[in-house]
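Note sheet for the following structure.
Bear in mind that the values in this text are calculations on the coordinates, not laboratory data. Note that this is a predicted model, so its numbers are computed, not measured. Every residue, glycine among them, receives a Cβ derived from its backbone with ideal geometry; neighbour counts consider all protein chains shown.
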Amino acid sequence: MTPNLLPALTETAFVLVLALLLLAPLALAGLALINTGLGRSRSAAQSLLGSLAIVGVSVISFALVGATFASSAGGASHTFHMAGNAWNWLGAGPLFLGGFGTASAQAQLGLLFQFLAVALAALIPWGSGADRVRLMAGCAVAAVMGALVFPLMAGWVWSGGWLAQLGVNFSLGSGFQDPAGAATVHLLGGMCGLAVVWIAGPRKGKFPQGAFATAMPGHNANYILFGCLLALAGWLAFNLAGAVLWMHAPLSALPGAALNTLLSASGAVAATFAVTRIRFGKPDASLCANGWLAGLVASSATAGIVTPVQGLVIGLIAGIITPLLVEVLELAVAIDDPSGAITAHGVGGLWGLIAAGVLAPQAGQLVAQRVGIATLLGRALPLVYLLFWRVDRIIPLRVDPDGERIGMDLHELGGGAYPEFVIHRDDSYR
Amino acid sequence: MTPNLLPALTETAFVLVLALLLLAPLALAGLALINTGLGRSRSAAQSLLGSLAIVGVSVISFALVGATFASSAGGASHTFHMAGNAWNWLGAGPLFLGGFGTASAQAQLGLLFQFLAVALAALIPWGSGADRVRLMAGCAVAAVMGALVFPLMAGWVWSGGWLAQLGVNFSLGSGFQDPAGAATVHLLGGMCGLAVVWIAGPRKGKFPQGAFATAMPGHNANYILFGCLLALAGWLAFNLAGAVLWMHAPLSALPGAALNTLLSASGAVAATFAVTRIRFGKPDASLCANGWLAGLVASSATAGIVTPVQGLVIGLIAGIITPLLVEVLELAVAIDDPSGAITAHGVGGLWGLIAAGVLAPQAGQLVAQRVGIATLLGRALPLVYLLFWRVDRIIPLRVDPDGERIGMDLHELGGGAYPEFVIHRDDSYR
Amino acid sequence: MTPNLLPALTETAFVLVLALLLLAPLALAGLALINTGLGRSRSAAQSLLGSLAIVGVSVISFALVGATFASSAGGASHTFHMAGNAWNWLGAGPLFLGGFGTASAQAQLGLLFQFLAVALAALIPWGSGADRVRLMAGCAVAAVMGALVFPLMAGWVWSGGWLAQLGVNFSLGSGFQDPAGAATVHLLGGMCGLAVVWIAGPRKGKFPQGAFATAMPGHNANYILFGCLLALAGWLAFNLAGAVLWMHAPLSALPGAALNTLLSASGAVAATFAVTRIRFGKPDASLCANGWLAGLVASSATAGIVTPVQGLVIGLIAGIITPLLVEVLELAVAIDDPSGAITAHGVGGLWGLIAAGVLAPQAGQLVAQRVGIATLLGRALPLVYLLFWRVDRIIPLRVDPDGERIGMDLHELGGGAYPEFVIHRDDSYR
């Protein structure tokens, strides 16, 4: 009934996963830098200080509250009965990480993975809300994600929860599979970004009346693109650690998973490069960065189970849809997502999860993937929206117009990220 | 009599420690970037070139001279007899790393750890002396640290020296314990920073006559905050490698040590965020970075031995005292430490070492910790001050006033870090 | 006849190499950042977007075409007979990485290593062509390198090709040895850089008629120097993984290899610091970065086989020749290589390969090294020049003069890396 029960790891697998998890902060550092580069210079310090604080807050809230619900496989859980089966819908682990030291080594690694994953997930909506969401609100959102939203999802998917049980209970393949966070980190993070953007609204001047949307280029292309290269190392670590922890991949499958991660990012950046070059006449650096990320995100669902050529094609497709969807979201739906995270993480994750279902050898896997995705979109998205809406009533997400005008740095920190540089403020659209 | 003798590592532990040590340069890169960001734009290139040179010089001087005194456990040593016991007070290893290739694998890893640790320690005072200490003087300080100061301390603490022998010889717990450099790297580095600042004096205009101290914000908040995220990966590596090498921690204790490192940094940044927000009305980005670092430093003494909740609380306390002490040092004691390293590394280390004594299950551990701390403050600090004072007589630490006015970059390198950017020089306090 | 056949790795060695390879992207990120910092601000976004695209393109072309020729040891190959021996001159592996999943774990790791190595090699000429080579041309060059140039060399050196067979077939030591890419990545990359610079020509204004060469300092010294620290971690990973994969080094030799890498970089930066200080009166930050890199590159040939003191001396010599050769190339040969890659990677690699021959205990090793170097200089360089010349006919390497004047960013991307910063354009030499 708990199909995802962690098998005993060999000592070799244990040290590998442990070493990999220590690389995961590179994904945090890379993503934080990408977010900052895609925002405006007048919000740069707030963006990165927010990232540091959000890592801290999400980790603390997960430690004190969330880890209880996420409950590692094999631990206690709340169950309900339906269709003749017992379903695990909420973990019931000890409070405050009690007993962490005496848990099995595998359970400890699983929790460590989740700590790093929750911090990564919490950084995603922060990028979407750049240039207008307040620090305290960003921290509150991170606290809600760490205490409730992420653990719920992680429990369902990774710790033998009901989505993982779809395989055993309903013969749907191996149950919903999310080896390295395509759903639990990225799709969830993208949805949180969408909710934040819906509630906070677009930046001032982004969608002027009776005119096209204003292009607001990121203030530092180097941060964006360098962040992508740094994130690659972090993603490789997440993908391989996840494959061992949540898919029980044998060690011999891991070089292939690493190669697929690399191929997926490579295919994606090449495709976005080509698409934007064809569409706009010149390649677009920010969109290429988003494409690269989408390729990495898609690989988080597929790296461990596909062939290299499939990995490459998954990346190519991710790289094709990313620039198109960013444009649709911005122009057709009037979503102002400075970081492009809703597309890169949300849609990239969605695509990876579907591809994993299509390419899986097990019968019924695609159905399991669809159930998981439907749950995220149908249950988690409304829940997230409701929770963040509630947060907004207590701690308004959006800065007041005056603060937005002078910039988040000056307003919230009293000083900018670049006090000695002369900044040229193109304020035509303000 | 040599209680810290390295036990034979299993092959699994060996490859883990080796892989971890290769992550340690991320701590160097992160710290160097933090130092640069906290300095002024007119010293940025000098700061980072200095960091590269200081890594080089400290590594070379440790290789040619220092490693002999640091002498790895089980190697030859100079001893003295007191109170009926033999005390090891100075290593007597081979010169020039002779026999490195035939030493035990554990001894090799121990030395590799020390090479990375000495480079990290040498970067700390460089940050404190930012904007006025000359490149050659910085290198000389690094050479003294690598050849004499660090190895002395490392030998006493990690290689079965007399501080480590306090347990066996005097039944003080397990002897002075410093699993990952809270004393030997950070407290020592902070003291070296203090000595450098004392000798070099404050930056011009920092403490104007009859007025409050001038705020001199770091020139690039992004470098500071991004450096913090990068440093996290390096710290995780140091903490886990140190736990295995110097505390003989079983592999199963390592996920907990990693989690504690993360929790300590998280608690610290959250606490500093809250304290500075309450105190100044707005959170302070530089102080939050210092808080984060202090949390990491405190974890270097405690990560391997405490529970997660204890790790979090240790971080919270580090994060509370950091902003207060930075202010005290600056306003009450008129210490001009641009990087805040004296507090973040020095006081963070102090706090971690005490916490490790308080929370240790062994009787007498707190006394052992106090003896170690007293030795550092009472013996090492005067020694360091004397040595650096001597250096200053031969190679003046401080640049001449004209050099300080035009900036270290132009004065020492003939050009700035940002030759194409327009820099706004707020020179009101110069 | 296939002397380099990969021996079966123990599971411990397997996980170590795998973990190390996941660190290798740090070398990519560091090198890309160095390249960008050494270029001008008006080309910064193009430089880093190009790096991302070049990683993608080289990986894809190697996956689809090159890997076939590189063919891992023990795989099928085309052979010719000469002097009574069978010589392997071209791999004949399956197309499109077919059978990757069923190859031996060692063969998989070997290919993964080569994927990361080809991306690193492809970044090198991109730095040399900075500020004037077009994105599409840079991608075309990367495609040629990934599909043909690199795999040819990798097959000869690492996969039991004829250069590796020199030992078995002609009793020349252990055959040509290149443990971590000093030849296959760095010397080859440096030669590709030379070919690109020859074909594309110098930047406008670099060599004015009847006057000295114009100094064009890199636009961001911090990127350059921070990139060096980051690259250290990546290099450690490459050197140790290569030692296991291509030299069958026992695990116990690896701490020494890591130490040598660190000592070589340290010696090199100290030497370049001293040389430039003596020569120009002030140390030169860019040249010190190049010296550091040259030390790392030299260690890629020697780290696994020398003593620590030898490693230090190898670095010192690399650091002495680097600034001198950069000057010779620029002033005497009128080579405009903004990144200094031809010297740092090319000459650094050359020096390391020779040192490895001199210091090797096997008889004939120096001759084998010379044959390998002669092959690279005499065969690979003309081939590369011819191929790139051909590329240039189809996709001109060099931007048109108007594009160069306004900067690569504006010309190729339609916007700069720093849209909100005021850039000071010293165009006296334009």
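Here are some notes:
- For A:V133, B:V399, A:V333, A:V328, the sequence from fewest to most other C-beta atoms within 10 Å is A:V333, A:V328, B:V399, A:V133.
- When you restrict to C-alpha pairs under 8 Å that are six or more residues apart and normalise by the size of the range C:174-302, the relative contact order lands at 36 percent.
- Residue mean of other protein chain beta carbons inside 10 Å, C:276-286: 4
- Over the range C:69-194, the alpha carbon radius of gyration divided by the compact-protein estimate 2.2 N^0.38 Å works out to 1.12.
- Size descriptors for the protein assembly as shown: radius of gyration and Dmax over Cα atoms are 28.4, 91 Å.
- Counting beta carbons within 10 Å around each of C:W351, B:W126, B:W389 and listing the fewest first gives the order B:W389, C:W351, B:W126.
- Ranking B:S104, B:W389, B:A417 by how far each Cα lies toward the positive end of the dipole of chain B (charges on Cβ) leaves B:W389 at the top.
- Using a Gaussian network model of chain A in which every pair of alpha carbons under 10 angstrom is joined by a spring, one finds that among A:G346, A:G175, A:G56 the greatest mean-square fluctuation is at A:G56.
- Label-point spacing at C:P208 relative to the other copies reads 4.2, 4.3 nm, in ascending order, each point sitting 7 Å out from Cα along Cα→Cβ.
- FRET efficiency, 1/(1 + (r/R0)^6) with R0 45 Å, evaluated for A:R370 and A:K204 via beta carbons: 0.70
- Given charges at Cβ of Lys, Arg, Asp, Glu: the protein assembly as shown dipole, positive-most of C:V197, A:N88, A:V141: C:V197
- Placed amide H near A:G91: partners under 5 Å, 5+ positions off or other chain: A:H78
- Remark: the range A:318-402 projects, on average over all directions, an area of 7.3 nm² (convex hull of Cα atoms).
- Residues B:S41, C:S128 arranged by fewest to most Cβ contacts within 10 Å: B:S41, C:S128
- Residue-normalised convex hull volume from the C-alpha trace of the range C:1-124: 123 Å³ per residue.
- Where labels lie 7 Å past Cα in the beta-carbon direction, separation of B:A76 and C:W389 in nm: 6.3 nm
- C:I335 long-range amide H proximity, modeled H, under 5 Å: C:E330
- What you get for the range A:277-430, charging only the Cβ of Lys and Arg (+1) and of Asp and Glu (-1), is a dipole of about 700 debye around the Cα centre.
- With the simple spin-label model, which puts each label point 7 Å out from Cα in the Cβ direction, the C:D402 to B:R405 separation comes to 4.8 nm.
- Under Karplus coefficients 6.51, -1.76 and 1.60, residue-wise ³J(HN,Hα) of the range A:140-148 in Hz, glycine/proline x: 5, 4, 4, 5, 5, 5, x, 8, 9
- Derived scalar couplings ³J(HN,Hα) [the range B:372-379; Karplus, 6.51 cos²θ - 1.76 cosθ + 1.60; whole Hz; x for Gly, Pro]: x, 5, 4, 5, 5, 6, x, 10
- Degrees separating the helix B:381-394 axis from the principal Cα axis of chain B, which is the longest one: 50 degrees
- The fraction of all Cα pairs in the range C:307-352 landing in successive 10 Å bins from 0 to the largest distance is 29, 49, 18, 5, given as whole percents.
- Neighbouring partner chain Cβ atoms per residue of C:98-105, average, 10 Å criterion: 4
- Cβ-placed point charges (K, R +1; D, E -1), dipole of the range B:186-337 about Cα centre in debye, nearest 20: 200 debye
- Convex hull volume of chain B per residue (C-alpha atoms, cubic angstrom): 134 Å³
- Shielding of C:259-272 by partner chains, average beta-carbon count, 10 Å: 5
- FRET efficiency for the pair B:H424 and B:L95, taken as 1/(1 + (r/R0)^6) with r the Cβ-Cβ distance and R0 = 56 Å, rounds to 0.60.
- Dipole check for the protein assembly as shown: with +1 at the C-beta of Lys and Arg, -1 at the C-beta of Asp and Glu, and the Cα centre as origin, the magnitude is about 540 Debye.
- Sequence-separation-based contact order of chain C, relative, with Cα cut under 8 Å and 6+ spacing, percent: 24 percent
- Residue ranges B:27-39, A:363-375, A:309-321 sort as B:27-39, A:309-321, A:363-375 when ordered by packing (mean number of other C-beta atoms within 10 Å per residue, highest first).
- Taken over the range B:117-268, the convex hull of the Cα atoms encloses 154 Å³ per residue.
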